[in-house]
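Working notes for the structure below.
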Amino acid sequence: MAGETNLHVLLSTMTASLVEGVYVFLTLNDQQLPETIKPRMMFQEAEGITYILLKEEAEDAGLDYEFPSRMITLNIHSSLEAVGFMARIATELAKGGMGVNPVSGFFHDHLFVPDGRHTEALEILERLTEQR
């Protein structure tokens, strides 16, 4: 069940899908995340747990958050050991003046791009696949 490692194949065959909803990043110090919230991602850091969840869930719970963003899923099973894939994508988005927070799952990579710039990000990704 190994993913693709060939950079040319990854870049030329990937497609991108916009996931519904606006996502935000937050961390909680001594506060528990309400049980009704199902985060998209949790990552334990030395300073606390980083959560990615829907903006409306954070607002409904009265939680402070940062980086309202849209999630784009790259529809290709990239290997966790693929070299240069995320770097190439981040570089292309940076050329457009866009920051990105990439998250790699076992099967797919996901890009969190600033809310309101998701259409531009999708266009950049499409041009990237056409260059191959």
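Can you give the local net charge around Ala82? Use residues other than it whose beta-carbon is closer than 11 angstrom to its beta-carbon, Lys and Arg +1, Asp and Glu -1.
Local charge sum for Ala82: -2.
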Considering only the other residues whose Cβ falls under 12 Å of the Cβ of Glu123, what net charge follows from Lys and Arg at +1 and Asp and Glu at -1?
-2
Using 0.36 nm per residue, how much length does the chain from Thr13 to Thr91 gain when fully extended, once their Cα-Cα distance is taken away?
26.2 nm
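Helix-derived [θ] at 222 nm for the chain: sum -39500 (n - 2.57) over DSSP H runs of at least 4, divide by residue count, nearest 500? Write down the numbers at each step before the final one.
Working: 4 runs with 37 residues, N = 132.
The helix-only estimate for the chain comes to -8000 deg cm²/dmol at 222 nm.
For a footprinting-style exposure proxy, rank Phe107, Phe85, Phe25 by other Cβ within 10 Å, fewest first. Intermediate results must be reported in sequence, preceding the final value.
Working: Phe107 13, Phe85 23, Phe25 17.
With the fewest neighbours first, Phe107, Phe85, Phe25 line up as Phe107, Phe25, Phe85.
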Tilt of helix 118-130 relative to the longest C-alpha principal axis of the chain, in degrees (0 to 90, nearest 10)?
20 degrees
Going fewest to most other Cβ atoms within 10 Å around each Cβ, Phe106, Phe43, Phe67, Phe112 line up as Phe106, Phe43, Phe67, Phe112
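Could you line up Asp109, Asp64, Asp115 from fewest to most neighbouring Cβ atoms inside 10 Å? Could the numbers behind the result be given before it?
On the way: Asp109 24, Asp64 9, Asp115 14.
Ordered from fewest to most neighbouring Cβ atoms within 10 Å, Asp109, Asp64, Asp115 come out as Asp64, Asp115, Asp109.
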Longest principal axis of the chain (C-alpha) makes with the long axis of helix 85-95 (C-alpha) an angle, in degrees to the nearest 10, of 80 degrees
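Bear in mind these aren't lab numbers, they're just calculated from the coordinates by the rules spelled out. Just so it is clear, the structure is predicted and the values come from calculations on it, not from any experiment. In this analysis, Cβ positions are derived from the backbone assuming ideal geometry, glycine residues included, and neighbour counts consider all displayed protein chains.
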